[in-house]
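Undergrad: Have a look at this one.
The values are calculated or read from the model by the stated rules, or taken from the named source; none is laboratory data. No experiment lies behind these values; they were computed from the predicted model shown. Don't worry about glycine lacking a Cβ; one is built from the backbone with ideal geometry, like all the others, and counts go over all protein chains shown. Each accessible area value is taken on the protein alone, full model and side chains, heavy atoms only, with ligands, DNA and RNA left out. Shrake-Rupley method; radii C 1.70, N 1.55, O 1.52, S 1.80 Å.
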Amino acid sequence: MKICVGLSGGVDSSVAAYLLKQQGYDVFAMFMQNWHDADATLHGDCEWEEDRFVAELVARKIGIDFYFVDLSGPYRKRVVDYMFDEYSKGRTPNPDVLCNREIKFDAFLEAAQKLGADMVATGHYCIKEETVSPDGSKSYKLIAGTDPGKDQSYFLCQLSQDQLSKAIFPIGNLLKSEVREIARKADLPSAEKKDSQGICFVGKVDLPTFLQQKLKSNEGNVVEVYDRYYADSALYAEQKRILSSILSEGSDLSMITSYISEDKSSPSSSPHANSFDDGKVALLEDSALETLSTPVTYGDIAFETETYRSGKKHTRKTRYRENPWGKIIGTHMGAQFYTIGQRKGLGIGGHSDSVFVIHTDIDKNIIYVGQGHDHKGLSRSCLAIHKEEVHWIRPELSMASGEIRPYMVRVRYRQPLQKATLIMREGSLYVLFDSPQRGITPGQFAAWYSPDGELCGSGVISR
């Protein structure tokens, strides 16, 4: 069997190549260049040139052939242009998921096959297993990597059975520390190389600067939303009513997440998960699920002006009247440059706690923000995925309309898996979380896992 290793110059792909060579496979390496423009990177230089140099040294050390392929054309068309389009619509895409589906296991795989490869290997921390159904047909499971801190299965959540059939993940059953140790003992040039960061194959970038290559800046208002808004919101009240109606007998409802980061929880938030009754959940009407998955927006917060006289000369001036729901607290450079849950880059001071983006209105070019980790606008209990955007790694696991199933779900990489109920209806798949989730963002991918760690499916969050 001839295997092409996608050698990136990092320690993970280096050890993947080394292990396959040690196991006696016919191995060769290929480095792909996917990005030319260094203007948007924070370093201002071409990181890929250094990566290629290290990758070539690794291949020489291992004793395998080394090839180079330029995939910048398909990468720009399938990944970068998609990013620009999604951001222009106020959605937040995940380029790493797209890169794996469209480039590494498509364009790169095709280039490797032209060089005689039967399989493609990468340094992803995940595991592939073959399974045989009762009728004798084979399919492939994608399972979370052994190292819980490095599991990268989420990034592969859009792969098809055909792509998995040609994929090998040699380090999926290893810990990162073990990978580093193997690299040191083998004296690989990448043994101490730091892990890459930023956008897949672009590098660490200033996102607004990167997006400004195609998206124009346009100054707009930043509106802070007060807690009073939710007391008066008909949508928020209806969501609370519906969630309360499906609770198990004697349970209390929590609508605010305790999540701060992957390893922190807010001490002031309710830490308990909601206990929903599966029977009641199954009986929910489509309209109720639509209501639950609809994010609260703030277009009804209007600001009227009034005139007043100021100073000794009673100079006539204009100001906004006070609004119990919110206040204009600053300006921004374009709503399309911001994402839900974002804290950095707002340039807003004068608050006792951190300020977060809770909604962006692209049409009106307004950013809505809330103060504190416990702000109601940061938390949601349900999301929706259009049926045509639902992807099952193994098609035989697909859900029928009307079916509900429990899964463990994450909506971003490194997020601890969350208990949730998937509800399939005619037009959409709904994900109802036991615990309210922070920063659910349209355009991102939700991925769901079985209790044994199998990544079963994923989909682009529509709302």
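Undergrad: Once the piece of chain linking Y236 and S177 is laid out straight, how much longer is it, given 0.36 nm per residue of separation minus the C-alpha distance between them?
TA: Details: separation 59, 0.36 × 59 = 21.24 nm, distance 4.63 nm.
My answer for the length gained is 16.6 nm.
Undergrad: Pairs to check: K327/K364; K104/K128; K128/K185; K104/K166. Give those whose C-alpha atoms are more than 18 Å from each other in this structure. Could you put the intermediate results ahead of the total?
TA: Working: K327/K364 16 Å; K104/K128 16 Å; K128/K185 26 Å; K104/K166 11 Å.
As for pairs spanning more than 18 Å Cα to Cα, those are K128/K185.
Undergrad: Right, here's the next one. Under 1.5 on a/c is rounded, so check that first for the chain, then, if it is not, pick prolate when a/b is larger than b/c and oblate when it is not; a ≥ b ≥ c are the square roots of the alpha carbon gyration tensor eigenvalues. Mind showing how you got there, number by number?
TA: Numbers: a/c = 2.36, a/b = 1.47, b/c = 1.61.
Oblate is the answer for the chain, as a/c is 1.5 or above yet b/c matches or exceeds a/b.
Undergrad: Taking 1 over the mean of 1/r across every pair of different Cα atoms in the range 352-449, what Kirkwood radius in Å do you get?
TA: On the way: mean 1/r = 0.0669 Å⁻¹.
So the Kirkwood estimate lands at 14.9 Å.
Undergrad: In Å², what does the accessible area per residue of the chain work out to with a 1.4 Å probe? Walk me through the intermediate numbers first.
TA: Values: 21380 Å² over 463 residues.
Per-residue value: 46 Å².
Undergrad: For the range 101-152, what does the alpha-carbon gyration tensor say about shape, rounded, prolate or oblate, given a ≥ b ≥ c as the root eigenvalues, a/c under 1.5 as rounded, and a/b over b/c as prolate?
TA: Working: a/c = 2.63, a/b = 1.13, b/c = 2.33.
Oblate shape, in that a/c is at least 1.5 and b/c is the bigger or equal ratio.
Undergrad: Sticking with this one: Helix 176-185 versus the longest principal axis of the chain: what angle, 0 to 90°, nearest 10, using Cα atoms?
TA: On a 0 to 90 degree scale, this one is about 30.
Undergrad: Report the Cα centroid-to-centroid distance between the range 326-354 and the range 373-401 in angstrom, as an integer.
TA: Between the Cα centres of the range 326-354 and the range 373-401 lies a distance of 27 Å.
Undergrad: When only alpha-carbon atoms are used, what values of Rg and Dmax, in angstrom, describe the range 256-400?
TA: 20.9, 79
Undergrad: In addition: How much of the accessible area of the range 72-192, probe 1.4 Å, is carbon plus sulfur, in whole percent? Don't skip to the answer; put the middle values down first.
TA: Working: 2320 of 4870 Å².
That share works out to 48 percent.
Undergrad: Give the aspartates and glutamates reachable from K176 as a straight Cα distance under 15 Å; neighbours fewer than 8 places away on the same chain don't count.
TA: By straight Cα distance, K176 reaches D12, D147, D151, E192, D195.
Undergrad: So, taking all protein chains as they sit and a 1.4 Å probe, how much accessible area belongs to W48, in Å² rounded to tens?
TA: Here the residue's solvent-accessible area equals roughly 60 Å².
Undergrad: State, to one decimal in nm, how far the label point of T318 lies from the label point of D26, with both points 7 Å from Cα in the Cβ direction.
TA: 7.7
Undergrad: Now, a different point. Among residues other than T291 whose Cβ falls under 14 Å from its Cβ, what is the net charge (Lys/Arg +1, Asp/Glu -1)? It would help to have the intermediate numbers written out before the result.
TA: Details: positive: K240, R241, R380, R425, R463; negative: E238, E285, D286, E290.
Charge balance near T291 sits at +1.
Undergrad: To the nearest 0.05, what FRET efficiency results for S196 and K344 with a Förster distance of 25 Å applied to their C-beta separation? Mind dumping the intermediate values first?
TA: Details: r = 20 Å, r/R0 = 0.82.
Efficiency for this residue pair is about 0.75.
Undergrad: Right, another one. Dipole of the chain (Lys/Arg Cβ +1, Asp/Glu Cβ -1, origin at the Cα centre): which of S160, T122, T339 lies farthest to the positive side?
TA: Of the options given, the answer is T339.
Undergrad: Let me ask you something else. With the contact rule set at Cα under 8 Å and sequence spacing of 6 or more, what percent relative contact order holds for the chain? Can you show the working numbers first?
TA: Values: 951 pairs, mean separation 75.3, N = 463.
Relative contact order of the chain: 16 percent.
Undergrad: What base-10 log of the normalised intensity I(q)/I(0) is obtained for the range 213-335 from the Debye formula, alpha carbons as equal point scatterers, at q = 0.09, 0.14, 0.22 Å⁻¹?
TA: Values, matching the q order: -0.47, -0.89, -1.29.
Undergrad: Using just the helices of the chain, give the 222 nm mean residue ellipticity in deg cm²/dmol: DSSP H runs with n ≥ 4 each add -39,500 (n - 2.57), and the total is spread over all residues, rounded to 500.
TA: Values: 13 runs with 102 residues, N = 463.
Rounded to the nearest 500, the figure is -6000 deg cm²/dmol.
Undergrad: Using the crude model of +1 on Lys and Arg Cβ and -1 on Asp and Glu Cβ, and no other charge, please compute the dipole size for the range 1-147 relative to its Cα centre, in debye to 20.
TA: On the way: 16 positive and 24 negative charges, 87 e Å.
The calculation lands at about 420 debye.
Undergrad: Nothing charged except the Cβ atoms of Lys and Arg (+1) and of Asp and Glu (-1): what's the magnitude of the dipole of the chain about its Cα centre? Round to the nearest 20 debye.
TA: Numbers: 55 positive and 62 negative charges, 281 e Å.
Value, rounded to 20: 1360 debye.
Undergrad: Would you please put 306-318, 157-169, 336-348 in order of how densely packed they are, using the mean number of other Cβ atoms within 10 angstrom per residue and starting with the highest? Could you put the intermediate results ahead of the total?
TA: Details: 306-318: 8.6, 157-169: 19.2, 336-348: 17.1.
Ranked from most to least packed, the peptides come out as 157-169, 336-348, 306-318.
Undergrad: Using a 1.4 Å probe on the protein chains only, how many percent of the accessible area of the range 208-362 belongs to carbon and sulfur?
TA: Details: 4220 of 9030 Å².
Here it works out to 47 percent.
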